[in-house]
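Just below is one structure, and these are the notes that go with it.
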Amino acid sequence: LTSRFESGMTVDVKMPDYETRLAILMEDCKQNQVFINQDVLELVAFNVNHSVRALKGILKKIIGEYTLENRAPTVNSIAKFLKATQKEDVKMVGFVPNDPRPKTALTLDHLIESVIDYFSVHRTDVLGSSRARDSLIPRQIIMYLANTKLRMSLSKIGQNLGNRNHTTVMHAVSRIKEKLKNDRQLLRDINAIQKEVGLH
C-alpha cells in the first residue's frame with residue numbers, strides 16, 4: 001500500500017481563497033435565482049473560511065430564513081447571524097462595527113440615505129429626473145415609506161424629492177402598493193430597509 005500511494009501524485013487540498021469563496025457564493029445565488037447584496041456575500045466569504053461545505057451551508061440557511069420571512073439579508077443582520085452560528089468573532093472586513101448611522105429614520109433625509117445605501121445608487125440619480133429602473137425603484141420606495149411610515153403628506157414628499165408634483169408621489173405610492181401584492185423580492189427589500197432604519 002505504501003508503494004502504491006508513493007507512486008501517485010500528492011495534492012495539497014486547501015480551503016479556497018477569499019475571491020474563490022465569494023465566486024462560489026455568487027454562483028450558488030445565481031443557481032438558486034436569488035439576489036443577495038454583494039456586501040452581504042463578501043461578509044460571509046470573509047468569515048466562513050474553514051470549509052466549502054460550511055460556506056454553502058451558511059448560504060442555504062440565509063436563503064431559507066429570508067425566503068420564509070420575506071426579508072432580504074443586510075450586513076448587520078448577517079453579522080448577527082454569523083456571530084450566533086460561529087464560535088469566532090465576526091470580522092467586518094471593510095465595514096464599520098457599531099455603525100454610528102441612525103437606526104431610526106426620524107427624518108426623510110435619514111430614510112433617503114438608508115435606501116440609496118441599500119441599493120448602492122447615487123443620491124443625485126434618485127433625486128434627479130432619471131427614469132432608469134436602478135433609480136426609479138429606490139425613489140418610489142422612499143416615497144412609499146415616507147408616506148406610509150413617516151406619515152408625510154404627498155406634497156411635502158414631492159418637494160423634498162426633486163420638487164415633484166404630489167400626483168407623481170401618489171402614483172409612486174400606489175405603484176409600490178400594487179407591486180407588493182406579487183413581487184416577493186420587493187417585499188424582502190422593503191422589509192429589510194424598514195428593519196435597518198427601525199421602522200419595522
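Just subtract the alpha-carbon distance of MET170 and THR148 from 0.36 nm times their residue separation and send over the number in nm, one decimal.
That works out to 6.8 nm of additional length.
Students often check this: by mean Cβ neighbours within 10 Å, which of 30-36, 190-196, 67-73 ranks highest, and how do the rest follow?
190-196, 67-73, 30-36
Mind ranking 168-175, 138-145 by how tightly packed they are, going by the mean number of other C-beta atoms within 10 angstrom, highest first?
Those peptides, ordered most packed to least, come out 138-145, 168-175.
Which ³J(HN,Hα) values in Hz, rounded to whole numbers, follow from the phi angles of segment 21-26 under the Karplus curve 6.51 cos²θ - 1.76 cosθ + 1.60, where θ = phi - 60° and Gly and Pro get x?
Those phi angles translate into 4, 5, 5, 4, 5, 5 Hz.
Given a cut-off of 29 Å, name the pairs among LYS61/LYS195; LYS156/LYS181; LYS83/LYS177; LYS56/LYS149 whose C-alpha atoms lie farther apart than that in the structure shown.
LYS83/LYS177; LYS56/LYS149
I'd like the Karplus ³J(HN,Hα) series for segment 168-183: coefficients 6.51, -1.76, 1.60, θ = phi - 60°, whole numbers in Hz, and an x wherever there's a Gly or Pro.
5, 5, 4, 5, 5, 4, 5, 5, 5, 4, 5, 5, 5, 5, 10, 8
Quick one: what are the phi-derived ³J(HN,Hα) couplings along segment 49-65, Karplus 6.51/-1.76/1.60 with θ = phi - 60°, whole Hz, x for glycine and proline?
10, 9, 6, 5, 4, 5, 4, 5, x, 4, 4, 4, 5, 4, 4, x, 5
Just order 117-128, 177-188 by mean Cβ neighbour count inside 10 Å, highest at the front, would you?
The packing order, highest mean first, is 117-128, 177-188.
Since every read-out is calculated from the coordinates, none of them should be taken as a lab result. Everything numeric here is computed off the predicted structure, so don't read it as measured data. Neighbour counts are summed over all protein chains in view; Cβ atoms, including those assigned to glycine, are modelled from backbone coordinates with ideal geometry.
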